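Novice: I'd like to ask you about the structure that follows.
The values are calculated or read from the model by the stated rules, or taken from the named source; none is laboratory data. Remember, predicted model here, so these are calculated numbers, not experimental data. As a convention, Cβ positions derive from the backbone with ideal geometry for all residues, glycine included, and neighbour counts pool all protein chains shown. Areas reflect the complete protein model, heavy atoms only, side chains present, ligands, DNA and RNA absent. Shrake-Rupley method; radii C 1.70, N 1.55, O 1.52, S 1.80 Å.
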Number of protein chains: 2
Amino acid sequence: MKGQAFHCNHSQLDFTIFDHLVNLKVLFSLGHHPSGSVPLKIGSEAVGNLPHHGKLGAIAGYGVARILDSSNPNFKKGMPGHTAYVGFYEVCSPKKGETIFISAASGAVGQLVGQFAKLFGCYVVGSAGSKEKVDLLKNKFGFDEAFNYKEEHDLNSALKRYFPSGIDIYFENVGGKMLDAVLLNMRLRGRIAVCGMISQYNLEEPEGVQNLLCVISKQIRMEGFIVSDYYHLYPKFVEMVLPLIKEGKITYVEDLANGLESAPSALIGLFSGRNVGKQVVVVDPE
Amino acid sequence: MKGQAFHCNHSQLDFTIFDHLVNLKVLFSLGHHPSGSVPLKIGSEAVGNLPHHGKLGAIAGYGVARILDSSNPNFKKGMPGHTAYVGFYEVCSPKKGETIFISAASGAVGQLVGQFAKLFGCYVVGSAGSKEKVDLLKNKFGFDEAFNYKEEHDLNSALKRYFPSGIDIYFENVGGKMLDAVLLNMRLRGRIAVCGMISQYNLEEPEGVQNLLCVISKQIRMEGFIVSDYYHLYPKFVEMVLPLIKEGKITYVEDLANGLESAPSALIGLFSGRNVGKQVVVVDPE
């Protein structure tokens, strides 16, 4: 088997390989998905990149990038790309000209949501945790604006600065204080697609969100979603995204860590936002 | 002018009259609606019971009961009844056989949601704050089960007792700790219709809701709504509800307080749950 790599999620290390062979030998698995999929056992045989809800649920994570190369239909389930696609087009119910805010925007999903939203005709602002990531959002992914949330003492003021007339759509990846600030800045009939709350996963007690009264006064719809519920839309996603990638209208960044020994720190790094884009651990580049 | 009464909401005293005259002299107004309607000025002339978003937004509050008597189309906007109707049928997306939990269930809206849900074929449980109200829910309104939340030390356990397989639909009237407990007990793809959060309105700092991670893992849709957005459905509501009331399949309870001097305490009483059903202040019973 050649070209092995692990793709890291907040809840698992995803196992996959670069050259798209179908039968993988799973060397180890770490963690399991909160939706209750079956974690892989060490040493079990598996077919790569199945959806979360499948029998071998811990295998997932192929990025949009891989679609281009794949000749095997089993490898067409690009998890972050498809998550961005269904989250934006299906859950957010976007309209041209609306404003969208994306947290953890340089992450595997966020960077694609922002690009989809720009192509759709939205005003797009993202937050991330470093100057490097903010530059990436503005210069590589074409966001209208981006800011470093770690440099903002008052998230509410930061959002008011970038959204003087409020936010129509929030693509939620982090939860906690950011969600509280966003709620104050949502517009009437806003939509919040809840994709992740990575700031909360490792807390012993989650932060309390205090501004839920805004859900009533602003008639907000807040909806949690998991990509595995939307695999029937996969052909539509591929049909839309492939030409965009070929034309260079959609781009992506992955974060490659080298060597199996780097896997644990790569996984831990996700929670402090060390990665830029999809975290991949390259075990054997050949 | 004969038969004056004020209808109390959490955010306003609604002015209306029993005999459905159209031209009212507004004696005073108290509070204004959080959605930003125009509060009535003391001494202004008004047409009764307009929707919240109208020019005279502070006038609202006619209950289902009044529809039967009214010959004036201006008085057909039964706010609690219509709120229950759109909240249940439109926002909750109910399916036959699903389980529904209603907080503040003996209130003006809750009592009707429960009856609609029973007629629709749901398993219906409500919470209220006294033995009297719990009896009302079970014996007058036909709820499957009801409990006194003030007697429960652990709301999570209480909900597990009544919903061993979880809650499909939560009709949210109170917020705070109850919402937190409900989130833990929601089923996959559950829906939360957020109609009110009365436990939070008078707090200096709202309670933090900690279990929002469930929104992702259970793919919950949470949606705030305001009845004034749904007045186009009013004819459908009347068409459905009138025969049900005439056949005795839908019933209601109002809480009458006597005399203008009782208005302030009736309004304050809403926040401690003193009222049973729609709070009405009868100023002049003739």
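Novice: Within the range A:228-243, can you find the residues that are of a type in the set (D, E, K, R) and either in a strand (DSSP E or B) or more than 17 Å from B:V215 (Cα to Cα) (or both)?
Specialist: Our first condition is that a residue be of a type in the set (D, E, K, R); within the range A:228-243, this holds for A:229, A:236, A:239.
Those that are of a type in the set (D, E, K, R) and either in a strand (DSSP E or B) or more than 17 Å from B:V215 (Cα to Cα) (or both): A:K236, A:E239.
Novice: Next question. In the range B:228-241, which residues are open to solvent by less than 40 Å² (accessible area, probe 1.4 Å) and farther than 30 Å from A:D229 by Cβ?
Specialist: B:S228, B:Y231, B:Y234, B:F237, B:V238, B:V241
Novice: If you don't mind, another one. Determine whether the range B:247-258 contains at least one residue that is without any contact (Cβ under 8 Å) to a residue 24 or more places away in the chain and either surrounded by 19 or more Cβ atoms within 10 Å (Cβ to Cβ) or not in a helix (DSSP H, G or I) (or both). Spell out how you get there, then give the answer.
Specialist: Start the filter on the range B:247-258 by keeping residues that are without any contact (Cβ under 8 Å) to a residue 24 or more places away in the chain, which leaves B:247-248.
Keeping just the survivors that are either surrounded by 19 or more Cβ atoms within 10 Å (Cβ to Cβ) or not in a helix (DSSP H, G or I) (or both) gives B:247-248.
Yes, the conditions are met somewhere in the range B:247-258.
Novice: Can you tell me how many residues in the range B:218-227 are facing chain A (nearest Cβ under 9 Å) and either part of a strand (DSSP E or B) or open to solvent by less than 10 Å² (accessible area, probe 1.4 Å) (or both)? Spell out the reasoning first.
Specialist: If we filter the range B:218-227 for residues that are facing chain A (nearest Cβ under 9 Å), which is where we start, we get B:218-226.
Checking which are either part of a strand (DSSP E or B) or open to solvent by less than 10 Å² (accessible area, probe 1.4 Å) (or both) leaves us with B:220-225.
Final tally of qualifying residues: 6.
Novice: Same structure again: Which condition breaks for B:I192 when tested against (1) among the β-branched types (V, I, T); (2) within 8 Å of another protein chain (Cβ to nearest Cβ); (3) closer than 24 Å to A:G208 by Cβ?
Specialist: All conditions are met except number (2).
Novice: A further question follows. Say whether the condition of being open to solvent by 10 Å² or more (accessible area, probe 1.4 Å), in a strand (DSSP E or B) and on the phi < 0 side of the Ramachandran plot is met by at least one residue in the range B:115-133.
Specialist: Yes: the range B:115-133 contains one or more residues that are open to solvent by 10 Å² or more (accessible area, probe 1.4 Å), in a strand (DSSP E or B) and on the phi < 0 side of the Ramachandran plot.
Novice: Could we say that B:A105 is within 14 Å of the chain's Cα centre (by Cα), modelled with pLDDT of 95 or more and assigned to a loop (DSSP other than H, G, I, E, B) here? Don't jump to the end; show me each part of the working.
Specialist: Numbers: within 14 Å of the chain's Cα centre (by Cα): yes; modelled with pLDDT of 95 or more: yes; assigned to a loop (DSSP other than H, G, I, E, B): yes.
It is true that B:A105 is within 14 Å of the chain's Cα centre (by Cα), modelled with pLDDT of 95 or more and assigned to a loop (DSSP other than H, G, I, E, B).
Novice: Do any helices (runs of 4 or more DSSP H) lying entirely in the range A:144-217 carry at least 2 residues that are open to solvent by less than 10 Å² (accessible area, probe 1.4 Å) and closer than 14 Å to A:S103 by Cα, and which ones are they? Explain how you work it out, then say what you get.
Specialist: On the way: elements: A:155-162, A:177-185, A:213-217.
Output list reads A:155-162, A:177-185.
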